[in-house]
Structures are given as C-alpha cells and as structure tokens.
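Working notes for the structure below.
Read-outs: derived from the displayed coordinates by stated rules, not from any lab. Just so you know, these numbers come straight off a predicted model, no measurement behind them. Please note: Cβ atoms are built from the backbone with ideal geometry, for glycine as well, and neighbour counts cover all protein chains shown.
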Amino acid sequence: MAKCVVHRAQIADGSLPSICIVCGDRADHRLFAGVGSPSLAWAMVSPLFGLLAFWGSTLRDAGQSPGGFPFCERHRNYWPRRARFIVFGFVSLLVLMGIGFAFTPRPAPGEEVEAHWMLGVAGLWLLIYLPTFLFMHLAAVRPTGGDPGSVVLSGASRPFVVAIESEQKGDEAKSRRADAHDGPQKVARPRPT
Ligand SMILES: [Zn+2]
C-alpha cells in the first residue's frame, strides 16, 4: 500500500494537488479538514482511540470545507460510508449486548443461567461485523500516523502519492538552492567574479 506524508498546513489551506486520494482521478472536492487538525494528532498514538476518533470525525465533518483532502465526485462519500458502518455497527453491538444482558433473568439458586436470545443475535452480529470491519478498515485509504506537522496517509492512490512526492522534492531542492544562496559559506567565501 502506498504511503505518503502530507503536511497539515496543506490539508488546512486546501493546497494539496487536485487528485483523488482514492482513485487518482481529478478531485473537485476538499473534505475532512478536521482529520488533518493537530487536535486529532494525539488520537493516532492509540490504535483504538485513533480508529474511533478518525471514523467518528469523518461523520461529524462531512460537509464541504475550504481545506481538506482531495476527493473526486465518485469518492466524496468514501470515508462517511465506511464510518457509518463501523460506528453504527459498533453501537448496535453494544445495544444488542446491553438488551441481552438486561433481559437475561437472574437464575434461581441451583439453576443454570439461560441467556436471552438477544445475546445470540449479538454474537451473530459480532461474527459478521468483526471481519467486515477489519477488512474495511485495513483496506481503506486512511491516516495511520503523524506528528504535529504532518499526517501519514496509507493506501492513497498512486497518482496522488507521486504528485505529493514530486512537490516535496521540488520544495527540498528549492530550499537547498536558497541555502546555497544565503548560506554562511557564501558570506565567508564569496565566489570570485
Ligand atoms: Zn476518486
């Protein structure tokens, strides 16, 4: 899976290349600026919180924003669709289990516990939900790390990764040239004319 480092500043100001991060097509939408905000950076440290915080935030933050990640028309709902399944699937699991436990009668002394049928439904849902969720999460284009200045994006489309990397190489070359121009060596040893 292609990985790339995206600067948070570029997510915030919408200056990422207009290439869909999912398929590499032309991207007309900038979405989920919140995913790049440093306030969410802490969440990436913990796998569980990071996971829920990420998917939760894509649900909260589904509107068009000036900044954000580039998505094409077809993929503008790529994150919210997955988030709905993951978040609501998790909540329904808790609800099913809650109901099941609440309605399971306390056994009389010497009697066996007879679990409420709702617990069976919860177990069945867990068997469907868990593998689907894992597959969906691991296969998705998603942030998998970062620091205060940048986000690591995993699974991004090849054209997006290539564009980002060549942009960053260009920036590096530019700053090297700038260093060469105003660097201390130049001041110490002016080139003879
Ligand atoms: Zn796309």
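Some points to look at:
- Counting neighbouring beta carbons within 10 Å and listing from fewest to most, the residues Val151, Val95, Val161 come out as Val95, Val161, Val151.
- Ser166 paired with Met136, simple spin-label distance in nm, labels 7 Å along Cα-to-beta-carbon: 3.6 nm
- Magnitude of the charge dipole, the stretch 3-166, Cβ model with Lys/Arg +1 and Asp/Glu -1, debye to 20: 420 debye
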